[in-house]
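Here's the structure, in structure tokens; my notes come after.
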């Protein structure tokens, strides 16, 4: 693959917070990031709890979270050193568009593999809204940068602005009488939930004479769900977008015969709190890769109709394919939260099938040589 | 590295590269982007045996037919292309890979319309119908104990435009024994 990149970042925007001013990095438009300045990176509408348009003039901001090394070094009570990437206020129709005003903030939050985790956020007396997503920042070759999809190496395919309709919640809000900015501390590290198993791959074989294997290489990125709560009580967390996390070590799973296998590895999840005048918020999100290998089994194979014959003695390895999203691929039992997970395999993960007899291999979304999504070795 | 990307890099470096202007863009045409990367290894059972490679599905995503101009192996090493054919597929199964060429009747899955095959060069591929593909089938022969190629080059035309698709599955053919996949 031409350029391998991956990384993690997130952004939390606390409009008008006590600390946001300190977090703002001066906008720079130097020669290496000129192509980032002014790019619209997220847009949408701000909606009230009744799903109707929120008022105009409410601030919405985009922040970049630091990489996992920075997050892991935080002690309980310490503030996450996020960086403001851009900010705006809603229009009369409650829409917003955030352009990159601080390329430096964005670039300084990118990991060595190129991924940055972002959070668009609005905190005011009108309510709290948030959404996490990630992007890959790739050198464009002319001294500038291209914003790509984080879950795959798009090789300079610019991705359009993330569309996010933020729904403001006033649950546990003390007042909602005005649109004035709320005052918040910013995200504070509270505690670690420890490592949690996450599905990062799956293969299926339903016939003897075929073996299957999976390797999760160092540097492979996975997209992991983020949970958010206004009470921090078990069962109160809901999905709030995703972050991307890269593995730092490789895991090679046992080669198996007939079975329907989920491959799992562990990511560390942690709890962060944003203390605001109106009400606090808590997030559960990944702050690093732990490693480990575990297989789980299911009795239900996918429907895979796109098949090719494989002769005895042949081997097929798929080193890149768009994978499925496992809706409940990861869970944090202590807070009763199940989150989505997604591994879009790049050259950092691979599926291997070896055929000792004449059999077939089938894809769920396309032929194995194309974009099969899931692969099934069968009679 | 793809041709177009290399040309971009050469241009950015101020290098004038012959062929960049005339080479068709890689993996941007109606036959798609060549799929997502993988690796295929197949055995043949003697140094004189050939291989049937029917792993590649082609579908035309445009609204008008395209014509295949030429099929070639990309960066072959001790692997020779003996022939290339387009085989209609009426179901979901491709021919797949078999030691020996041509495939025997027992090796033809239901829906592989082998009798209706045509040489790939000059073959017309009609616009997509739902779930409709054709199978690109190659006859390959290793010229040593191991033959390899980085993929299959499909040069084709449509609407007066030249295209180039490179399949993303690398090929390896071994004489087994002594070699194994």
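The values are calculated or read from the model by the stated rules, or taken from the named source; none is laboratory data. Note that this is a predicted model, so its numbers are computed, not measured. Cβ placement follows ideal geometry from the backbone for every residue including glycine, while neighbour counts extend to all protein chains displayed.
Taking the condition surrounded by fewer than 16 Cβ atoms within 10 Å (Cβ to Cβ), within 12 Å of another protein chain (Cβ to nearest Cβ), touching a strand residue (DSSP E or B) at 6+ places or on another chain (Cβ under 9 Å) and on the phi < 0 side of the Ramachandran plot, does residue B:180 pass? Here the answer is yes, as residue B:180 does meet what is asked. Got at least one residue in the stretch B:88-105 being under 16 Å from residue B:148 (Cβ atoms), out of contact with any helix residue (DSSP H, G or I) (no Cβ under 6 Å at 6 or more places or on another chain) and in a loop (DSSP other than H, G, I, E, B)? Looking through the stretch B:88-105, none of the residues is under 16 Å from residue B:148 (Cβ atoms), out of contact with any helix residue (DSSP H, G or I) (no Cβ under 6 Å at 6 or more places or on another chain) and in a loop (DSSP other than H, G, I, E, B).
All conditions in (1) part of a strand (DSSP E or B); (2) under 20 Å from the mean Cα position of the chain (by Cα); (3) under 18 Å from residue A:82 (Cβ atoms) hold for residue A:106, with the sole exception of (1).
Right, residue B:114: buried (at least 22 other Cβ atoms within 10 Å of the Cβ) and touching a residue at least 24 places away in the same chain (Cβ under 8 Å) or not? Before you say what the answer is, go through the steps one by one.
Numbers: buried (at least 22 other Cβ atoms within 10 Å of the Cβ): no; touching a residue at least 24 places away in the same chain (Cβ under 8 Å): yes.
When the stated conditions are applied, residue B:114 does not pass them.
Go through the stretch B:21-60 residue by residue and tally those that are assigned to a loop (DSSP other than H, G, I, E, B) and at the interface with another protein chain (Cβ under 7 Å from one of its Cβ atoms). Total satisfying the criteria: 3. If I filter the stretch A:335-352 down to residues being within 12 Å of chain B (Cβ to nearest Cβ) and modelled with pLDDT of 75 or more, which single residue comes out as surrounded by the most Cβ atoms within 10 Å (Cβ to Cβ)? Filtering the stretch A:335-352 for residues that are within 12 Å of chain B (Cβ to nearest Cβ) and modelled with pLDDT of 75 or more, the one surrounded by the most Cβ atoms within 10 Å (Cβ to Cβ) comes out as A:349.
Within the stretch B:106-127, being outside any loop (DSSP other than H, G, I, E, B), closer than 24 Å to residue B:70 by Cβ and more than 13 Å from chain A (Cβ to nearest Cβ) holds for B:116, B:118, B:119, B:124, B:125, B:127.
What strands (runs of 3 or more DSSP E) completely inside the stretch A:254-334 contain at least 3 residues that are within 14 Å of chain B (Cβ to nearest Cβ)? Break it down stepwise before answering.
Details: elements: A:259-276, A:281-297, A:306-310, A:315-318, A:325-332.
Qualifying strands (runs of 3 or more DSSP E): A:306-310, A:315-318.
Here is the figure for the stretch B:77-91: residues that are surrounded by fewer than 19 Cβ atoms within 10 Å (Cβ to Cβ) and closer than 26 Å to residue B:181 by Cβ total 6.
Every residue in the stretch A:54-87 that is in a strand (DSSP E or B), more than 19 Å from the chain's Cα centre (by Cα) and buried (at least 20 other Cβ atoms within 10 Å of the Cβ), please. Even if it seems obvious, please write down each step before you answer.
Kept after step one, since they are in a strand (DSSP E or B), are these residues of the stretch A:54-87: A:59-64, A:79, A:83-87.
In the following step, the residues that additionally are more than 19 Å from the chain's Cα centre (by Cα) were identified as A:59-60, A:79, A:86-87.
Listed by number, the residues that qualify are A:59, A:60, A:86, A:87.
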